[in-house]
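Have a look at the structure below before the remarks.
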């Protein structure tokens, strides 16, 4: 570390999310932002100047060679994450990616393998996992408070206009966005459902289309899921609901129900009786309908937590809170949903 005893950070990409990474680095007493990269020189240099005079690189291949950089935050379009991580690993640098990890199974395996072989760490940003209430829910399910799980459902109904997709050439493309409503907007909700349930997906059957938007990928998808434990699940992901709804997660077990709106617990009803009816632990809460739960104004605290965690993981030589292997599960499921929609067949996850 050539950074006054601090872990040196580099950022590949200087868009909106990079600002959250920068804030997290600034808030971490053991971290220092050393360098940033953007192919557009004007944008990159402006971000570097606003970052306390961090070094600017136009090419990420040059940034990863900087001897002061220990770890790299990656906020480029989703389909470029693997290229960035593999280059970083080859230079002996750790990486943490904005969601999703990448957009193909092959690329995710490539980046995980590259980091393992180089003995560097790989993390990913799914900030919902850092919320104390979400950890509480996960532990409640794990400890059997809901009993044997029956249903686990995610309703991810957001709104994105055609202008949104037209605002950047990579949006709504298979190559760089990797998908539509599920891969971009819905991946947080997909990851949260899988993480809360802590169960492996056995099979999935789905339909997905672009119904309203002029894009390559889906703006609407529905899926039915069977988990290895026998739990059934449903998933709806869309950007075609106008004006959009708060994301909702519903978890049902033999002894009760937990319902979430975004990352707010809106219902927690349980019973300890073998054949009793669950009663609310507190009055059910309502959350106003909107389509941007987890929008930019709400994500920074989670980024701060994960930036600090990665920094401490490097100092302590341990795995980050969210590993690459854990982060890929949501993407693997989304890709299976796309394959089911394309073929009209149920996808068995083990043999696929």
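Hey, does the stretch 14-23 have a residue that's surrounded by fewer than 21 Cβ atoms within 10 Å (Cβ to Cβ), in contact with a helix residue (DSSP H, G or I) (Cβ under 7 Å, 6 or more places away or on another chain), within 30 Å of residue 174 (Cα to Cα) and in contact (Cβ under 8 Å) with a residue 12 or more places away in the chain? Within the stretch 14-23, one or more residues are surrounded by fewer than 21 Cβ atoms within 10 Å (Cβ to Cβ), in contact with a helix residue (DSSP H, G or I) (Cβ under 7 Å, 6 or more places away or on another chain), within 30 Å of residue 174 (Cα to Cα) and in contact (Cβ under 8 Å) with a residue 12 or more places away in the chain. For beta carbons closer than 7 Å, sequence separation of 6+ or different chains, a first residue in the stretch 270-299 that is part of a loop (DSSP other than H, G, I, E, B) and a second that is modelled with pLDDT under 85, there are no qualifying pairs. Checked against the criteria, residue 103 does not count as under 23 Å from the mean Cα position of the chain (by Cα) and surrounded by fewer than 22 Cβ atoms within 10 Å (Cβ to Cβ).
Kindly check whether there is at least one residue in the stretch 22-38 that is in a loop (DSSP other than H, G, I, E, B), modelled with pLDDT under 95 and not assigned by TED's automatic domain parsing to the domain that holds residue 339.
Here is the first cut: in the stretch 22-38, the ones in a loop (DSSP other than H, G, I, E, B) are 28-30, 38.
Right, trim to modelled with pLDDT under 95 and you get none.
Looking for residues that are in a loop (DSSP other than H, G, I, E, B), modelled with pLDDT under 95 and not assigned by TED's automatic domain parsing to the domain that holds residue 339, one finds none in the stretch 22-38, hence no.
For the subset of the stretch 30-42 comprising residues that are under 25 Å from the mean Cα position of the chain (by Cα) and farther than 19 Å from residue 97 by Cβ, which member is surrounded by the most Cβ atoms within 10 Å (Cβ to Cβ)? Of everything passing the filter in the stretch 30-42, 32 is surrounded by the most Cβ atoms within 10 Å (Cβ to Cβ).
The values are calculated or read from the model by the stated rules, or taken from the named source; none is laboratory data. Source: prediction; values computed, not measured. Note: ideal-geometry Cβ built from the backbone for every residue, glycine included; neighbour counts use all protein chains shown.
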